[in-house]
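Okay, structure first, notes after.
Derivation of every value follows stated rules applied to the coordinates shown; laboratory data play no part. Since this is a predicted model, take the numbers as computed values, not measurements. When we count neighbours, we look across all protein chains shown, and the Cβ atoms used for this are built from the backbone with ideal geometry, even at glycine.
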Amino acid sequence: MHFILAFALFQGSVLVAYQMVLVLLVALVFYPHLWKWVLKTLVLTALLGAFCWPILMFSPYTHQGREVFWGWSSLMQIWDALMKPLDMTVDASWERSLYVGPFIVVFLGLLNTRPFNRFDAVMAVTAVLSIGPFLPWIFNWTGLPAVDRLPMRLSIYPFTWFLYRSLS
C-alpha cells in the first residue's frame, strides 16, 4: 500500500494520496487490529515521498483559504450522476459524473447478493463523506488544508467497490 501512496505522490497527485489515506483511516476504525500496518504504511509513504514535503510546505494549497464545496445534497443528485451522461456544456461536470446508465445500475443491483461485511461499512462511511457538508466540516474542525474541494470525488472508491463486489 505504501508504494501505491508514494507513487501517487511521485505523480504529483497529492489529491489521490490524501483520498487514499482518508479511506485507510476510515478502514482503521473498522479494523483496529491493523493499526501497526496502517502506521507502517503512513511512515513508509512519508519516507518514500519525502521530496514532496517541501513542495507541500510552500504550496498555495497549504497557505491560503480554499472553499470546500458540499458534496451531493440529495439522493436525486446521486441518481442523476449515475443515470445522466456527461454534459460537456456544464463546467466541471466530469467531477460529478458516475454515469453507467440505468441498465447497469439495475443489473449490478440484482447481482449484488453477497452478505455485507466490515469493509462494506468502510465504503459506506466513505460514501457518506462524499455527500453533503461532512468533508467541509472535517476540514474546518481539524484545520487541515483543503486539498480536495469537491467531496464528490471520494465517491469513486465506494462505487468501484460496489462494482467489484457485484461482479465477483
_Spin-label model distance (nm) - Thr142 vs Phe69, 7 Å beyond Cα toward Cβ_ = 2.2
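From the C-alpha coordinates alone, can you work out the Kirkwood hydrodynamic radius of the range 66-168, in Å?
Radius from the Kirkwood sum: 14.7 Å.
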_More than 14 angstrom apart: percent of Cα pairs within the range 114-157_ = 53
*Relative exposure of Phe103, Phe159, judged by other C-beta atoms within 10 Å (fewest first)*: Phe103, Phe159
*Hey, with R₀ at 30 Å, roughly what FRET efficiency would Met76 and Tyr31 work out to, going by the Cβ-Cβ distance, to 0.05?*
0.35
*Ascending count of other beta-carbon atoms within 10 Å, so fewest first, for Asp148, Asp87, Asp120*: Asp87, Asp120, Asp148
*Considering only the other residues whose Cβ falls under 15 Å of the Cβ of Tyr31, what net charge follows from Lys and Arg at +1 and Asp and Glu at -1?*
+2
*Residues Leu44, Leu167, sorted so that the one with the fewest Cβ neighbours within 10 Å comes first*: Leu167, Leu44
*asked:* Taking 8 Å as the Cα distance limit and 6 or more residues as the minimum spacing, I'd like the relative contact order of the range 80-168 as a percentage.
replied: 31
